[in-house]
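The values are calculated or read from the model by the stated rules, or taken from the named source; none is laboratory data. Computed from a predicted model, the values in this text were never measured in an experiment. Neighbour counts run over all protein chains shown; Cβ positions are idealised from the backbone, glycine included.
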Amino acid sequence: MKGGVFFSTLVLAVAVGLVVGSRREVRAGEVSSTSDYRVLAPIRHGNLTVFPVVTSVSHDTREFLTLDEGLKSGEVEVTESGSVRGMIRRPPPGGTVHPQYPVRESAQVNKLVLVNNSKRPLLLLAGEIVTGGKQDRVISKDRIVPPESDPIDLDVFCVEPGRWVGSSAKFVPGTPNASMAAPSVRGKAMADKNQQQVWAEVAKAREGMASAVEVEAPQSTRELSGTTSYAKTMDNADVKKKVDSVAGSIEKEYASTIQQLRERNAVGVVVAVNGEIVWADIFASSSLLEKYWPKLVRSYATEAVVTRAKGAQVNESAAQSFLENLHGRHETVDSEPGLYRHTEVSGDGFKAFELTSLLPKTGFAVHVAKMTE
């Protein structure tokens, strides 16, 4: 679909009122924030289909700092858990370490320590990758970190099983191709919460990429067989070329449309690969989506490249149903009073995750993710 056609489709949808959603009461076992969302005509490239999502309600998210912004500016520090002593910002009375932030004798695979030195709340998304330390890691859960925070334990999973030697003292954001895990890897961290399964998906992604570039770039295939690193796999020149061939047109078309229609509140996407819906990412505002879009679209493209078979096309009605079907059998809530509430809903064939800000003047869902199981 050409950009102009996509633009016209969205304008027409707004004009006839398709963006206006009905409100309803929230039931137990249900994520609260999908009634105002509508999917529009898809953008397709090969076996990847992306349905833009618009809303009648948007929120002010300018205060939120992203992980990439914080790491690049130096306002956010991430390091191995064994290095926590040097990161204490406000030593407690008497000079002893607060028991909530104990000094550890050694680094831990599934724990990092983060300090937010900025005056803005920090937003973390599950699936974001940080590189450095003894191993590259992927964040396992959405959360909000308060401004000027003391060190906090950050739950992560390793995405580089072959290294346990420090490459740098601190962690940095991954490159655009390797800063957000593909949905299959991301899902294992978020839903299964299992290190072995995360490693298994990393291995499948590496093998899939090696297979995808084998004919055109046999040298890269040999290089990929010699690494266990998800980031190095995604940063391989031939892999980047392959991913960009899928992501490039979708990224440019949707990014330009978001910029033109910011006031009409394009806030997310529903994603299908090989004719099957696999994922949805929804944000509280267009501006927040814009910040994450470059690395999100590459994560979706990665999934499409490593899953090369082409299936039937999925339509808007199916995407809308996927977005609206969030009534689940089981709900788990994790909350930090005055900061955030994280809700995980398990339903028939899906899991959904909602991060709600509880900071002053907020009370809205900052990010909603849904995955097919």
Problem - Hey, Ala319 over 26 Å from Phe64 (Cβ atoms) and free of Cβ contacts under 8 Å to residues at least 60 places away in the same chain or not - result: no
Exercise for the section: Report yes if Gln196 is modelled with pLDDT of 85 or more and polar (S, T, N, Q), otherwise no. Expected result: yes
Practice task
Go through the stretch 170-184 and count every residue that is of a type in the set (A, V, I, L, M), buried (at least 24 other Cβ atoms within 10 Å of the Cβ) and either modelled with pLDDT under 85 or not in a loop (DSSP other than H, G, I, E, B) (or both).
Solution key: 2
Handout entry: Which numbered condition Ala205 misses (of (1) in a helix (DSSP H, G or I); (2) of a type outside the set (Ser, Thr, Tyr); (3) modelled with pLDDT of 90 or more)
Key = (3)
